[in-house]
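Step one of this worksheet: look at the structure below.
Bear in mind these aren't lab numbers, they're just calculated from the coordinates by the rules spelled out. Predicted, not measured: the structure shown is a model, and the values here were computed from it. Note that we place each Cβ from the backbone using ideal geometry, even for glycine, and neighbour counts take in every protein chain shown.
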Amino acid sequence: MPDASYVREFYNAYADLEWARLESAYGRLQAIIHTDFIDEYVHAGDTVLDVGCGPGRFSMLIARLGAHVTLVDISRRQLELARDRLRGAALLERVDGLIEGSVSHLGMLPDGHFDVVVCYGGALSYAGEQRSIAAEELMRLTRPGGMLLVSVMSRYGAAVNNVRRSIMPIVQDPEGWHLWTVVTTGDLPPFPSRIPGMKHPAMHLYLAEELQELFASCDVLAVAGS
């Protein structure tokens, strides 16, 4: 299971690199897919929760659409960056709160409070063995008839990415952890990152069937894989 304190430390150190991650050609394609869902389902006046908000890329879009947004992230540094960007875009008045917390511990927020709940990126992947709890929390916070927007790190995406990048130890080391093991179990161990002296935290990678099972009781859900 990923270590929550290490995930927090990693993303505090990652800082603006998280924003830059979606600035590459491939990252922009990912951003477009996620943005399309927000454009379709978020409306002016909505109350929206953005869990795992990072530096606020999608929170800014939500605010620009005229919704009120509450931001949650495990990293205080990411929340600070999000606040600064929202302030710089004159959108801070659309923010109802900035909360340091994880996707599996959202008890500070009331049941059924949000018209739309957004959980994009790695938040569910870092939940590890607590992913069922995290899914229940996301559904609990979504009002009846509301919309839950979720994306996760997928096994397919990780497999393609790691085979493409032949420097990755998953390809180089036949005696270590193997691509087939990751694809069959979904458990991706820590791997080299852009942060000196730190490995990227372990993650759980999803199949579509896993997500269907996690959110089986959810009335309305839109899902994308990365």
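A few points about this structure:
- On Cα atoms only, tilt of 25-41 relative to the major axis of the chain in degrees: 30 degrees
- Charge-dipole axis of the chain as Lys and Arg at +1 and Asp and Glu at -1 on Cβ define it, positive-most pick from G45, F58, N12: N12
- Value at 222 nm in deg cm²/dmol, rounded to 500, when DSSP H runs of n ≥ 4 in the chain each add -39,500 (n - 2.57): -12000 deg cm²/dmol
- Angle between the chain longest axis and helix 76-88 axis [Cα atoms, degrees, rounded to 10]: 50 degrees
- Remark on the chain: ratio of C-alpha radius of gyration to 2.2 N^0.38 Å is 0.99.
- Ellipsoid semi-axes for segment 11-65, based on the Cα gyration tensor and the rule √(5λ), read 21, 15, 7 Å when sorted largest first.
- Exposed trypsin sites (Lys or Arg not before Pro) absent - longest run of the chain, DSSP non-H/G/I/E/B, at most 13 other C-beta within 10 Å: 1-164
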